[in-house]
Amino acid sequence: MSKRCGMRRYSFEKNRIFTVSIITLTLMFSGCSNENAGKANKSKETSGSTETQEQSEKDKKPIETKGPLNVQFGGSVTYSDHHLTVEGKTNLPAGASVFVNPMALTSVTLMGTSGPTEVRQDGSFVYETEIPEEYEYGLNVKIRFRPEDQTSESIKRKYGEFGKKLKGSFVRLYAINEKVSRQASTTLYMPLKENGSATTEIVKPDWEKPDDYGNTNIRMEADVRYNKKFVFIKGKSNLIEGSQLDISVLTPEGSLSGSGDKVRVNPDGSFRVQIENPSDIKKLSNYTVRLKFAPSPYSWDNIVDKYGESGQKMTGKLVEKNSVGEKKAFLKVKLN
């Protein structure tokens, strides 16, 4: 009897040990499996986080802006049947905004005709607009690129604040909010042909600064011609860029005729402007075209620095001084 009990006890102990071993092994495998799964999940989470970070960095990467700082324009402009088409080429980066501004040769303001256009991947840009049918003359068409007009921060940085990194013959000064800035621009003169159309090419300007450029001994000269519609003034000077000339047509009695305009000289001191013929009979015998350069506290900073707030630094035979000490330079051209 005792022998059987011993055998049963032995068998029970053996089974219990076997069962405990099975449970232990099961827990061990389960623990390893959970640990491996945790590592896998952690690896997956890390990978996902890295991909998200890489995508975020990619989104922050600036737009690629290939091309030199020496901005160039090319192409052609056509005007026919009151429809203006600009087909341009440039080395500006794709996505850059170029502004086109058609201007009347008369004192008329052409409303709703100007606007921006975007540079394409191949460097081309196109702008089309309608000119009011009641306007019968030619156009001045200005094409410009200003860094502050751009929506791309990358393009703004490329050409610098106020365009300070811009280079080349197309670079011109302009002022906005009393701050003198730099832009790449050109203005195309488009007089009408006999058939009422006009075509011109966008070409690189060739500025030739004279030896006395910037000299405070003021020099101005002008060639003046006229027809029944306009008075054409084309001239040279040693004035620095940004200098503004007030142009007036005086009657034979010396009074203002009511026809005139303002123009800023080019980077080499040259200038060109056309104004309306003020005479009812279209004859301008003994009329005088007067050009006036009068620096003031409201002139651009570079003008005030060079010539003084009241022109006090100017000298030469064209300069006149008034009773309050202001100096102004005058050039008068009599018409035949």
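Which one is farthest from TRP300 (Cα to Cα) among residues in the range 214-249 that are in a loop (DSSP other than H, G, I, E, B) and charged (D, E, K, R)?
LYS228
Within the bounds of the range 203-220, is there any residue that is in contact with a Pro (Cβ under 6 Å, 6 or more places away or on another chain), under 18 Å from LYS292 (Cβ atoms) and either surrounded by fewer than 18 Cβ atoms within 10 Å (Cβ to Cβ) or not aliphatic (A, V, I, L, M) (or both)?
No, that holds for no residue.
Just need a number here: residues in the range 103-115 that are in a strand (DSSP E or B) and farther than 20 Å from GLU276 by Cα.
Final tally of qualifying residues: 1.
Which of the residues spanning the range 182-202 are surrounded by 17 or more Cβ atoms within 10 Å (Cβ to Cβ) and either out of contact with any strand residue (DSSP E or B) (no Cβ under 6 Å at 6 or more places or on another chain) or of a type in the set (Lys, Arg) (or both)?
Residue satisfying the conditions is ARG182 alone.
Hey, can you tell me all the residues within the range 194-205 that are at pLDDT 95 or above and more than 10 Å from PHE170 (Cα to Cα)?
SER197, ALA198, THR199, THR200, GLU201, ILE202
Need the failing condition index for ASN177 against (1) surrounded by fewer than 16 Cβ atoms within 10 Å (Cβ to Cβ); (2) assigned by TED's automatic domain parsing to the domain that holds TYR135; (3) in contact with a strand residue (DSSP E or B) (Cβ under 9 Å, 6 or more places away or on another chain), just the number.
(3)
So which residues in the range 250-274 are assigned to a loop (DSSP other than H, G, I, E, B) and out of contact with any Leu (no Cβ under 6 Å at 6 or more places or on another chain)?
Answer for the range 250-274, where residues must be assigned to a loop (DSSP other than H, G, I, E, B) and out of contact with any Leu (no Cβ under 6 Å at 6 or more places or on another chain): THR251, PRO252, GLU253, GLY254, SER255, ASN266, PRO267, ASP268, SER270.
Can you confirm whether the range 138-148 contains a residue that is surrounded by fewer than 15 Cβ atoms within 10 Å (Cβ to Cβ), assigned by TED's automatic domain parsing to the domain that holds LEU84 and farther than 22 Å from THR117 by Cα?
No, because not a single residue in the range 138-148 is surrounded by fewer than 15 Cβ atoms within 10 Å (Cβ to Cβ), assigned by TED's automatic domain parsing to the domain that holds LEU84 and farther than 22 Å from THR117 by Cα.
Give me the strands (runs of 3 or more DSSP E) completely within the range 275-336, filtered to those with at least 3 residues that are surrounded by 14 or more Cβ atoms within 10 Å (Cβ to Cβ), in contact (Cβ under 8 Å) with a residue 12 or more places away in the chain and in contact with a strand residue (DSSP E or B) (Cβ under 6 Å, 6 or more places away or on another chain), ordered by residue number.
The strands (runs of 3 or more DSSP E) meeting that bar are 288-293, 327-334.
Could you figure out which of (1) surrounded by fewer than 16 Cβ atoms within 10 Å (Cβ to Cβ); (2) assigned to a loop (DSSP other than H, G, I, E, B); (3) under 15 Å from the mean Cα position of the chain (by Cα) isn't true of LEU92?
(1)
The values are calculated or read from the model by the stated rules, or taken from the named source; none is laboratory data. These numbers come from a predicted model, not from an experiment. Here Cβ is always computed from backbone atoms with ideal geometry, including for glycine, and neighbour counts include all displayed protein chains.
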